[in-house]
Amino acid sequence: MIATAESCTGGMVAAALTDIPGSSAVVERGFVTYTNAAKTEMLGVRPETLAAHGAVSEEVAREMAEGALVYSHATLAVAITGIAGPGGSEFKPEGRVCFGLAQAGAQTNVETVEFGAPGRDKVRSAARDHALGLLLRALG
């Protein structure tokens, strides 16, 4: 069973998965945690982690993915947090997206992808597609 924990994609990964007939056999639930409060309340992301690293960080992506496992009945979870744009900063530019992939009984993997600044819609779509690829590879 799969759970998603999404911030900048706002549920796009869960929507893509549930577009497939019969997906209820593998999709357990999706969390849309757009705010820091939602990340903390719904996924158990520690306020200290958010304060130290910011919402767009591999540390937060890790805690989001692990929290999705804890607060669901899933055995595989993907998390996404990033800056879709417009905007960003010198330190966290538009198009930076952090991913977490957690599996029951395994070490959580995290990574950051720089999609650049092709526009909000393209960053969100690219992040969705990347997350789906992570899930596909994890399922082998």
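The values are calculated or read from the model by the stated rules, or taken from the named source; none is laboratory data. Source: prediction; values computed, not measured. Glycine also receives a Cβ, built like all others from the backbone with ideal geometry; neighbour counts cover every protein chain displayed.
Summary table
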quantity	calculated
Conditions (1) closer than 15 Å to Leu135 by Cα; (2) within 13 Å of the chain's Cα centre (by Cα); (3) aliphatic (A, V, I, L, M): number failed by Ala55	(1)
Where a residue in region 17-37 is within 19 Å of Ala79 (Cβ to Cβ) and its partner, wherever it lies, is modelled with pLDDT of 95 or more and of a type in the set (Phe, Trp, Tyr), with Cβ under 9 Å and at least six apart	Arg29/Tyr71; Phe31/Tyr71
Whichever residue in region 93-116 is in a strand (DSSP E or B) and among the acidic types (Asp, Glu) and, among such residues, is farthest from Ser72 (Cα to Cα)	Glu114
Any hit, region 39-59, residues being closer than 29 Å to Leu139 by Cβ, out of contact with any His (no Cβ under 6 Å at 6 or more places or on another chain), among the polar types (S, T, N, Q) and assigned to a helix (DSSP H, G or I)	yes
Residue check, Glu90 charged (D, E, K, R), under 22 Å from Pro47 (Cα atoms) and over 10 Å from the mean Cα position of the chain (by Cα)	no
Where Val78 falls short, out of the listed (1) within 24 Å of Gly140 (Cβ to Cβ); (2) touching a Phe, Trp or Tyr at 6+ places or on another chain (Cβ under 8 Å); (3) in a loop (DSSP other than H, G, I, E, B)	(3)
